[in-house]
1. Somewhere in the stretch 1054-1076, is a residue more than 25 Å from residue 869 (Cβ to Cβ) and open to solvent by 40 Å² or more (accessible area, probe 1.4 Å)?
2. Looking at the stretch 446-458 only, could you name the residues that are within 17 Å of residue 421 (Cβ to Cβ) and open to solvent by 40 Å² or more (accessible area, probe 1.4 Å)?
3. Filter the stretch 94-115 down to the residues that are within 39 Å of the chain's Cα centre (by Cα) and open to solvent by 90 Å² or more (accessible area, probe 1.4 Å) and list them by number.
4. In the stretch 862-896, what count of residues is obtained for those that are assigned to a loop (DSSP other than H, G, I, E, B), among the hydrophobic types (A, V, I, L, M, F, W, C) and touching a Gly at 6+ places or on another chain (Cβ under 7 Å)?
5. Taking residue 763 as the residue in question, decide whether it is over 31 Å from the mean Cα position of the chain (by Cα) and at pLDDT below 90.
6. Sort out which residues of the stretch 459-483 are in a strand (DSSP E or B), in contact with a strand residue (DSSP E or B) (Cβ under 6 Å, 6 or more places away or on another chain) and either farther than 24 Å from residue 443 by Cβ or modelled with pLDDT under 85 (or both), and write them in order of number.
7. When only residues in the stretch 365-411 that are in a helix (DSSP H, G or I) and either among the polar types (S, T, N, Q) or in contact with a helix residue (DSSP H, G or I) (Cβ under 9 Å, 6 or more places away or on another chain) (or both) count, which is surrounded by the most Cβ atoms within 10 Å (Cβ to Cβ)?
8. Which ones in the stretch 661-715 are at pLDDT below 75, assigned to a loop (DSSP other than H, G, I, E, B) and either open to solvent by less than 10 Å² (accessible area, probe 1.4 Å) or of a type outside the set (D, E, K, R) (or both)?
Amino acid sequence: MPPPFRSQPSSSTVPTTSSQITNEGAGPSHILKRFFLGPMPDSVLQREARQTAKRKSRLFPFSNDSSDSDEVSRVMKNYALRFFLNEGGREEEWGEQEEQGARERMLERWRESEWGQLISRNKNDKKDLKRAATRWVGSSFEVGNIVGVNIFVEAEAMSRVSSRVSACSSPYLPMDSAAVQVIHNITTNGTGSDVPDPTETFVTAPCVPEVIAAPTIDQRQVSADEGEAGPSSASSSTALLRPPLSLRVGSSPNGARSEPAIPPRKSNIRIPSFAKSDVVPSKAKDKGKKAVRYDLTPVSHSPSPSPVPASPADVLERTESGILNTSAGAMSTGAFASDHPETGDVILRDRILVRIYSTEDTIRNFTEERHRTTKGLWLEDWAEFLVAWRKDRIELYKNHTVPGKEWLRGHKHLAYTILLNHDSTILSMYSFVDLSFCISSCQTHRLYNPFKGQWDIRASKDETNIYIFKHKSRSRAYDWLWQLWRAKGNQIPPSILVKNPRLDAQVMINTPGVDTLDGFRMFSRENIIALCIRSLREVSDWKFVIEREIAEGKSLQLAWRNGTHLDWIWLDDDVEGQARRWSVLCGLAVKQSKVPLQLEIRLGEHYPSFVHLKNGERLNEPPAIEGYLSRIKPATRQKEQVYLCTHGPYLFSLRPSDANPPTPLGMQMLTDHGLGSLSDDPHEYAHSLRKLEVERGVAQITKAMGVGDLDSVLAVRRAVHSVVKHTHEFQAKNDEELHTMDLPPVREEGDEQDEGGPEVLSKSDNPTELKMKRSFELLLKTGMVIRFETHSRQLASEWVERLQELIRYWKLRVRADTREEMDLAQTRKPRVTPLVHVDNDHIIYTEALPDDKAALPTLGYLYNWCVLEGCRSIIRDGKVFMRRGMRGPYKLTHLFLLAGTLVQFRISPHHSLHTTMRRNRISLLDAYVFSGYFAAQCLPPGQFDANQEVLPRRYQDGLEVDDKEEDRLFVICYRQSSQAEQGVEEKGKEKETSKPQQNGHANPMLAPETGNSTSAASSSKKSTGSISSSTPSLALPKPPALDAKRKFAIFRTRSRIERDAWIYALNSEIEKVLRKRKEWEKKVRNDGGLMDL
């Protein structure tokens, strides 16, 4: 029997009671509810039942019809406690007898429901298919709800409690003491490491807690770890320390404790990264300083016996594998396994997009900003290369120009070689937004030495080559940059500064002994977060600012921040599934490349599901809706069957054949979708069902005929005219709000008497009036009217009510997002139109100067975790100017970033909906995304002028920007091949007829594109299912050639902030696509032979 859904006692200081589970409205919950409105055709259920029966007969040939009821019973068993509490029961009364009674009542109520009776009727009436084609069955229901229990809400409540417990009692590797330093500024030295300003004042806690009276500065409390606090004497030169952490958690120690004076707002907390095993006095003049050794034994909640030293005989008998976790292993193990590779060993190997320049000058630290102002650069090559790093050189390979030469020689053509050990080789960060890096090195030429029987690579002193590398995977680019940075002999700074912008506090962690395996384990993402949480609890605002958010289900995460760009640290494994021990430390390679990076610990924010009104009231996101309707054409008065569904602030229109409607819980289980048997874990089951809902939404958006913006709707009303009008004369004083004045009432007398359907309509005395009563209209800002007819009058009123709630909320939410974007843009440069404030004394003053190092709490909403975790079907959307190919006009399109696909809709002022394009999808598999000056260089000559005057722009929603053209530009380089879209094909399945286009052009990357170039996703049959279908039973197709033709899609956004958010979302989605196609990517990466030098 699975454990009941109840709260478990915790040893942390934050209590977890049943009230925290039952309180659904407390705090910001990330629950996306959805309702299906009205009945659905019985033929849809019959078709689903037949497909389900076929799948079950193939997967479970010996199953019987009772399997459905068994799975329903298992679902109800997981949520019997919630049902018991909803009926007025109390948790302390819960037992086996109450559980059995609750499950029986749930099952009985479900069988008596309309959908439960429908299942039993369909089992007895399987042959009545003609009647099922015209019969409408069922009624409105909530997706994920069964007999009054919403499993999404229950899973969210469980995640809140678990996140509170994990945040308050996270495991960490120990540290022995912590020192608080109150500093006023943090400066950066020439090497990029954080060092305090010489004028700052420090207060460092000694190893033994003492008392100090500080006459000059205010101090915060300093914590000491367990086992180090002891009796001490008070003097005028010692600090006030809190008792050990073990005494502060749970019961309080004997004796009173003094509270410190309130310190300055900004503080710096320094903590050693390892626990001290013994302390040895140093020879320094300052007797308060200590030389320490570090113990890597994790913290244990129970006392452990002292380790017994190994005997000399055992030490001498240790093998190489047996010393990895010993002191000898710590001294012999480097930063990565390939510190001393052989001559022919490959350290890293990938396909990378490389742009190569040559110059006669020696350029150091070549960045995007310096690229704009550097003269005398000649473009040598731009293509996708096979890049291999072997010992002290990097080799760039491309295809042979002569067909069959690779087959004869067994390797690709070695085009360029970079000597890493040469004095002229310099590594630098080109663009942090794209995470493209640059290597400048001398040119090389290759000579064969017949005496040695090998090739000699010699450097040239005449010219220098500049190589700009852009990888598809952002995490893989970090791996390249980190290992190249370490291979060049760069050292990790002595300390790492972690800042929390909410508390305005900083934690400084020392970094001795990082090059060992245990050192990397110490600086893992989880351990750094746990160390910061333990130290930041000493800040007085922790309980009110951070702990309250954690109690509502949020979690603290690490991120590297550069101005208004946030890069979350969220991947602990590389694309091959191997551990990335440097997932946190790899940002140091970027920081010491003169990029102003700051490591921050922030709350992992999701996209807001609420908005605050002017009066301070909080308005939560209403549930999304969908259902079958009939659109009445104003010209011919004919009905067009459509399926409407809302996703975010958009209303999508689909054909009924592509509707993919939801089914109530109990009608169709997870086994029908190929996810295996039903899980006994309620949280896992809810997660699987929520994943299915996201994939279902992706399929709906992909097959939609058109999309409308809810923000463009002025009002929603019941139909008042029997004759459909094409336009309206509704005057709105303010189009930023939904108008409900001077509209007919939503609910009328007689709505409940209409049972609905064509049978009632045929018996009505006035069918024309009944059709009008069953209809509602959307009044758009363009003056157009769209009328829809529902199944019944009551259903029409329900559509009007829910649409009004959605339109009101999303109008406010979109306005709030625009204001936040303008505020973020103001941190980089002053506003185009400065804001002037006037107080009561009529004193006029302007706003503060831009500060890109401010806390910026709204930055987490722009770079939200919904993009990384895929909480919504729409990952990102927006209106951008797009051009297909290198030439042609830019057209305003509406983009929707979905799972692995970019969908486009055409915007036309003469249509009520944005219509879909003929080939409206771009597959992100095997795609590159780059922006800025790097993207501007790929434009044909004459289309980009770096010296063009920048004109300020103001948009309809109030956004004002004056960014440069290259700062609003990004490009997607993709393949149109069906292999790039699908990646894998099932064995025995018929392959696609379209093959990758072969191009004999010497440089296909520079081949001009025509205006009629199309998107990569030419086939829409299996776009959604292919993203998650990766099993060992699949046959991998042949990787595309290096010189296979690629297409370009060029996009222009409104501002740099908007472009950076698009780059963040696209790179994150490409990362997820590559990791779901590990075998395909591995085959592409290893395709082609290397030259034996």
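The values are calculated or read from the model by the stated rules, or taken from the named source; none is laboratory data. Quantities reported herein were computed from a predicted structural model and do not represent experimental measurements. With ideal geometry, Cβ positions are generated from the backbone for all residues, glycine too; neighbour counts draw on all protein chains shown. The area values use the complete protein model at the heavy-atom level, side chains included, leaving out ligands, DNA and RNA. Shrake-Rupley method; radii C 1.70, N 1.55, O 1.52, S 1.80 Å.
1. Yes - at least one qualifying residue is present in the stretch 1054-1076.
2. Correct list: 446, 455, 457, 458.
3. The answer is none; no residue qualifies.
4. 2
5. On the way: over 31 Å from the mean Cα position of the chain (by Cα): yes; at pLDDT below 90: yes.
Judged against the criteria, residue 763 is a match.
6. Initially, the stretch 459-483 is screened for residues in a strand (DSSP E or B), giving 459-470.
Retained after the next criterion (residues that are in contact with a strand residue (DSSP E or B) (Cβ under 6 Å, 6 or more places away or on another chain)): 459-460, 463-470.
Of everything in the stretch 459-483, just one residue is in a strand (DSSP E or B), in contact with a strand residue (DSSP E or B) (Cβ under 6 Å, 6 or more places away or on another chain) and either farther than 24 Å from residue 443 by Cβ or modelled with pLDDT under 85 (or both), namely 460.
7. This residue is 371.
8. 666, 667, 668, 669, 674, 675, 676, 677, 678, 679
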